[in-house]
Amino acid sequence: MVRYDPRRIAVTFKPGVTRTRIRSVISAAGGTLETAIPQIRAYLVGVEPEHRAEVLAALQSYPAVANAAKEPIAEAFDTSPDDTDWPQQAGLRVAGFPKAWDVTQGSSKIVVAVIDTGVDAHHPDLRGALVPGWDFVGNDPDPADDHGHGTAVAGVIGARSNNRAGVAGICWRCLLMPIKVLDSKGNGDDTLIAAGIVWAVNHGARVLNLSLGGPGSSVELGNALTYAANKGVVVVAASGNAGVTTQFFPAADPHAVSVAATTVADQRYSWSNFGAWVRLAAPGCNVAPILGGGYGNFCGTSSAAPVVAGLVALELSAQPTATAQEAEDALARAAFPLHAFVQYGRIDAGKTLALLHPASASATCSRKASRPRAPRRCKAAPSNE
């Protein structure tokens, strides 16, 4: 359906009409000249919306006017990938990613660390997307996934897109660093996770995704998150899938961007943790690569967190000089308010990129001093298909 600008009328005058006469006709009709294109005798006339019809009728009555009509509104076409499963990725459309992709599809200079169960480097939608990582469980340079969780997380962040196959990742051209800190059962110690954080930071990751956690923390994990923050790295963490307001770590650490999970109708999934301690929400059910090839529904805050991590990577791709605090501030200011269960709201990718400006004013998401917590073992947040 054609949309028209309520405040403007498009007018074309007949050949030979003088500029003085043009201005006189527009003024007498009750309009205001806004834009002139004399080469094609076209003029954009401003009107008050409530008087548009009468000004249009008046302009059409003048012999000097060749044509006067309501002004159609044109809209930019949002970027839509041609991946075969894109029609099923409704959550990404709700969160505004097509508009974000109009700005950038990512940069290979931005590396996102997937600190998880490892990543399947042979999955077709992840080929060419990985940089070297490390396996802290086996203490070797092969962080292959023997669980599946990390592969799904990696796919949400950076599955290769616009390749007429599979799914569209958030950051099409960003690179992924697989860091294996969880074993084949999805379990891992805080100290190994801390080691993975430090290793990723030291090897060039600018964004870390932690889709894991539990209701306690340790000095080692807290110190690693502080280390990442001091190096200007953005840490994104899942809030947990217990459906409670209890703080889960590392998401509740002041140096992490905590993420809850929402439906396409902007409702909280019943299994998503929530509360004022959770900063943001993101789509919590996404189609993602599965271990050994193929795709499946990947649901949980473990799926929502990488949506935000991918958006941060897009921010840094668009504005490489942006600081971590500036990127986090734009996320918060752009969010669609959902104060009933998170601090800021559901992410809006297009608006986030529009609001991101390096050297911006003081950030809304201030960092606070961290406090040591009781140690515990972390687990990959389970999928909730």
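Here, each number is a calculation from the coordinates, and none is a lab measurement. Please read all numbers here as calculations on a predicted model, not as lab measurements. Positions of Cβ are generated from backbone atoms using ideal geometry, with glycine treated the same way; all protein chains shown enter the neighbour counts.
Just how far, in whole angstrom, is segment 200-221 from segment 322-351 if you go by their alpha carbon centroids?
21 Å
Return one number: the angle in degrees, 0 to 90 and rounded to the nearest 10, between the long axis of the Cα atoms of helix 149-158 and the longest principal axis of the Cα atoms of the chain.
Once rounded, the angle reads 30 degrees.
With charges only on Cβ, +1 for K and R and -1 for D and E, what is the dipole size of segment 117-276 about its Cα centre, in debye, rounded to 20? All intermediate terms of the calculation are to be shown ahead of the outcome.
On the way: 9 positive and 13 negative charges, 128 e Å.
For this selection, approximately 620 debye.
Taking amide H positions as placed in the peptide plane 1.01 Å from N, state which residues far from ARG346 in sequence (5 or more) or on other chains have amide H under 5 Å from it.
Answer set, sorted by chain and number: ALA281, PHE336, LEU338.
DSSP loop trypsin sites (Lys or Arg not before Pro) in segment 1-70 with at most 14 other Cβ atoms within 10 Å of their Cβ, which ones? Each step should come with its number before you reach the end.
On the way: sites: ARG3, ARG7, ARG8, ARG19, ARG21, ARG23, ARG41, ARG52, LYS70; in loops: ARG3, ARG41.
Answer by residue number: ARG3.
In debye, nearest 20: dipole of segment 4-72 around its Cα centre with unit charges on the Cβ of K, R (+) and D, E (-)?
Taking the Cα centre of segment 4-72 as origin, the dipole is about 320 debye.
In whole Å, largest first, what are the principal axis extents of the Cα atoms in segment 222-285?
37, 21, 17
Which whole-number percent is the relative contact order of segment 4-72 (Cα, under 8 Å, 6+ apart)? Write down the numbers at each step before the final one.
Numbers: 114 pairs, mean separation 33.8, N = 69.
It comes to 49 percent, rounded to a whole number.
Mind sorting CYS174, CYS299 by how few other Cβ atoms lie within 10 Å of their own Cβ, fewest first? Let's see the in-between values first.
Working: CYS174 28, CYS299 23.
Least crowded to most crowded, the residues run CYS299, CYS174.
Using the Cα centre of segment 86-380 as origin and beta-carbon charges of +1 (Lys, Arg) and -1 (Asp, Glu), tell me which of SER161, ASN202, GLY128 is placed farthest towards the positive end of the dipole.
Value: SER161.
Just flag the chymotrypsin sites (Phe, Trp or Tyr not before Pro) in segment 127-206 sitting in loop per DSSP whose Cβ has no more than 10 other Cβ atoms within 10 Å. Walk me through the numbers before you get to the answer.
Values: sites: TRP134, PHE136, TRP172, TRP199; in loops: PHE136, TRP172.
Those that pass, being in a loop and sparsely packed, number zero.
When only DSSP loop residues count, what trypsin sites (Lys or Arg not before Pro) in segment 164-201 have their Cβ near at most 12 other Cβ atoms within 10 Å? Walk me through the intermediate numbers first.
Values: sites: ARG164, ARG173, LYS180, LYS185; in loops: ARG164, ARG173, LYS185.
Hits after loop and neighbour filter: ARG164, LYS185.
Among ALA29, ALA288, GLY186, which residue has its Cα furthest toward the positive end of the charge dipole of the chain, with +1 on Lys/Arg Cβ and -1 on Asp/Glu Cβ?
ALA29
Just to check, using Stokes-Einstein with a Kirkwood Rh over alpha carbon pairs, what's the diffusion coefficient of the chain at 37 °C and 0.692 mPa s in µm²/s?
Working: Rh = 22.3 Å.
The diffusion coefficient I find is 147 µm²/s.
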